[in-house]
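Q: Mind having a look at this structure? Questions to follow.
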């Protein structure tokens, strides 16, 4: 449902995006900003157990700092009572 869809992110810093949702593991989506590419099958999409490992961070650390993460629940929920959250791009 959310995979491949674009979203804007709203938080205390304002509106940012668009980000393209790329399904990672379980209920998680890697939120990829325009101009950044995460190839299908990239270890970044399965990064949960690797973050912090020196070799992994040396190779993928820059990319990890460029993407965001969202759960399926947060993408479906949209903005919360403060106006923070992920909003689909029309």
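Values in this text are rule-based calculations from the coordinates and carry no lab data. Just so it is clear, the model here is predicted, and its values are computed rather than measured.
Q: Helix-only mean residue ellipticity at 222 nm, the chain, DSSP H runs n ≥ 4 weighted -39,500 (n - 2.57), per residue, nearest 500. What is it?
A: Rounded to the nearest 500, it is -6000 deg cm²/dmol.
Q: Per residue, how much space in cubic angstrom lies within the convex hull of the C-alpha atoms of the chain?
A: That works out to 110 Å³ per residue.
Q: For the chain, take the longest principal axis of its alpha carbons; what is the angle in degrees between that and the long axis of helix 54-66, to the nearest 10 within 0 to 90?
A: Around 20 degrees separate the two axes.
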